[in-house]
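First up is the structure itself, then whatever we jot down about it.
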Amino acid sequence: MVRSGSSAADDDLTRALAERGLAGSSTRYERWRRAGLLPRNPRRGAGRGRGSVASLEPETVEIAAALARHTGQGQDLRAAVVEWFFEAGQPELPGRPVVPEPPNDAVVAALVWAARRNPLIELVLRTRGTHSEDATDAFFAQAEARWRRDRGNAFAPDPEAMREALLTGTETPDGLAGPNSLKDVAVQLVAAMAFGVEETGPEPIIALTEAAGLIAPDAAAQWRSQIEAAQLAGAFDPDHYAEISSFDIVNQLETAGIERLRRARQVAIGLAGFGALLLMRGLLMPDTPALAAVRARIEELGMATALLNLARQVHDAGGIAVTLASCLSPLYDRLFETLLEQVAIGPAIFHCAQDDGPEAFMAEWMASIEALRDPRGAGEPESGLARVARDAGERQAP
């Protein structure tokens, strides 16, 4: 319902949002305007001494639609700004309105706010610089408790294990959850960020970097050998890892500048898309020569796990903020360009054969998923994994 006293332009805005299945009201608009996110409706003369009337601008509709999509009941507006900023960087699609950019200052403030709310980042920032025994004990207790709560989401599932589970009817195969064996190195890595690598040694950095897919196993082994040789020779220098110890995601986001943040957003969206392609293979997405070539290149670079994790992080404000901070790194920028080059030299991604198109690709995928629904006759219940695969396939359909 439109509140009494709302302007005719705001009434029009509410109707425009309702046509898209979105909720609007004069109360919401005023809240957004006070936050500097929604422009006020310009006024134009009504003519013949009748004063002025407010008019609704098309861009105002798109801004309000973006805010309505990302603002839930009781949600902090800064979370909506982070998600709106990420959506505004998505590729343009035919027939879909362009999403305007949020105000630059609001973007930076919202990203910093979201990063500070990450429990482990908050714990590092609060603990950094303290060296008392009580502070150390409290740090490890809180870090381990956080890992226990989130370990199922800490690392991406194995697409090959997912695929095998669907094809064999196994509901909970090994490899679908983050391995608990990584808890110790994860906590130690956060400790290195909080207390300095001289307190923990470099092994947690190597172990978790390898587990997260940020370095290939052979490169990790070489790294270990070099450190061991330096330690035996008495030449190991903890200052070499000072960047890890002093890394500050909040500062990275606060000082990057809007253009670098937009480039990081482009990289994050692109790499998350490649990660989603890997994940969709686990949900029975058909293979194509181009997909196989991209997957082979990712494996060659040792970045599959990192991309899967990126794809799973960018669904809320906190995950987006941390991902954008990561994608400010030249490492991710180079990876993005490398994979784009791989796509450019290969055939079309979603063409199963020379003369097939995306429609044939989707038909094959839907047929594979449909075959999971009732494999042994009418009445057989659909498994949880089969439902996930079916829902994912339907969301990807054009």
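Each semi-axis of the equivalent ellipsoid for region 312-351 is √(5λ) with λ an eigenvalue of the Cα gyration tensor; in descending order they amount to 26, 15, 4 Å. When each of Thr288, Thr27, Thr338 is scored by the number of other beta-carbon atoms lying within 10 Å, the sequence from fewest to most is Thr27, Thr338, Thr288.
Any read-out appearing in this document is the output of simple, stated calculations on the displayed coordinates, not a laboratory observation. Owing to the predicted nature of the structure, the values given are computational and were not obtained by experimental measurement. No Cβ is skipped: glycine too gets one built from the backbone with ideal geometry, and neighbour counts run over all protein chains shown.
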